[in-house]
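Here the structure is laid out as structure tokens; the discussion comes afterwards.
What follows is calculated from the coordinates using simple rules that are stated; it is not laboratory data. This structure is a prediction, so every number in the text was calculated from the model and none was measured. All Cβ positions, even for glycine, are placed from backbone atoms using ideal geometry, and neighbour counts span all protein chains on display.
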Amino acid sequence: MGTWGFGNFENDAAADWLYDFGENDFRLIDRTLAGVAAMLEVDELDAEEAQEVLVAAECVAAAAGFPPDDPPQELAEWLAENSPMRVKPEYIEMARQAVARVFTKSELRDLWLESDEFGAWETAVTNLQSRLNQISY
């Protein structure tokens with residue numbers, strides 16, 4: 001796992017995803033979140049997919065007016081170029097469901113549980129969930 005920090009943007013999968021986001025925006029969000037939000041309980045969610053879900057959900061929250069405190073430059077630039085915007089309710093719901101899945105049952109959660117940084121990762125994810133839950137539509 002190419003991870004350099006517990007934040008939702010602090011890993012290789014998130015950096016790669018964010019790079020692709022600039023060219024694909026909500027099409028990439030849709031592809032990333034739709035399948036995960038619809039997963040069955042028995043389906044496995046690997047660490048890389050989970051990292052992509054978190055960064056996609058961060059983009060949904062940011063687009064809806066609830067960005068992280070210190071967004072990466074790519075996201076800040078995208079927001080500056082595309083704001084204001086209205087985020088479709090289905091994207092918000094997919095983001096909420098997919099993040100909940102990452103937080104409760106994913107390989108990424110298991111990896112963080114084995115580390116000394118689980119509390120910090122948990123805080124980053126619950127902060128994202130809180131911002132997603134503030135979005136009204």
message: Rounding to the nearest 10 and keeping the result within 0 to 90°, find how far the Cα-based axis of helix 118-133 lies from the longest principal axis of the chain.
response: 30 degrees
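Percent relative contact order of region 12-133, based on C-alpha pairs within less than 8 angstrom and at least six residues apart?
34 percent
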message: As a test of the formula, what do you get for the chain when each DSSP H run with n ≥ 4 contributes -39,500 (n - 2.57) and the sum is divided by the residue count, at 222 nm and rounded to the nearest 500 deg cm²/dmol?
response: -22000 deg cm²/dmol
statement: Sorted largest first, the Cα spans of the chain on the principal axes come out in Å as 40, 30, 26
The chain: most fluctuating residue of Ala38, Ala61, Ala98 per GNM, C-alpha cutoff 10 Å: Ala38
- line: The long-range amide H neighbours of Leu45, using H built 1.01 Å from N in the peptide plane and a cut-off of under 5 Å, are Glu107
- prompt: What Rg and what Dmax come out for region 72-129 when only alpha-carbon atoms are used, in angstroms?
  reply: 14.5, 40
- prompt: Sequence-distant or interchain residues sharing an amide H contact under 5 Å with Asn11, placed H: which?
  reply: Trp4
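What GluC sites (Glu not before Pro) in region 1-67 are in a loop by DSSP, with at most 12 other Cβ atoms within 10 Å of the Cβ?
Taking region 1-67 and a limit of 12 other Cβ atoms within 10 Å, the loop GluC sites (Glu not before Pro) found are Glu41, Glu44.
Taking other Cβ within 10 Å of each residue's Cβ, how do Val87, Val42, Val60, Val53 sort, fewest first?
On the way: Val87 19, Val42 6, Val60 27, Val53 30.
Going from sparsest to densest Cβ surroundings: Val42, Val87, Val60, Val53.
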- prompt: In region 1-102, what chymotrypsin sites (Phe, Trp or Tyr not before Pro) fall in a loop by DSSP, with at most 11 other Cβ atoms inside 10 Å?
  reply: Trp4
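What's the magnitude of the charge dipole for the chain around its Cα centre, counting Lys and Arg as +1 and Asp and Glu as -1 at the beta-carbon? Answer in Debye, nearest 20. Write out the running numbers ahead of the final one.
Values: 9 positive and 28 negative charges, 158 e Å.
In debye, rounded to 20, the chain gives about 760.
Determine the shape class of region 50-98: with a ≥ b ≥ c the square roots of the Cα gyration tensor eigenvalues, call it rounded for a/c under 1.5, and otherwise prolate if a/b is greater than b/c, oblate otherwise.
Values: a/c = 2.27, a/b = 1.25, b/c = 1.81.
The shape class here is oblate.
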- request: Please identify every one of the GluC sites (Glu not before Pro) in region 71-119 that sits in a loop by DSSP and has no more than 10 other beta carbons within 10 Å of its own beta carbon.
  value: Glu114
- request: Only Lys, Arg, Asp and Glu count, each charged at its Cβ (+1, +1, -1, -1), so figure out the dipole size of region 11-92 about its Cα centre, rounded to 20 debye.
  value: 540 debye
- request: Quick one: order Asp70, Asp25 by neighbouring beta-carbon count within 10 Å, fewest to most.
  value: Asp70, Asp25
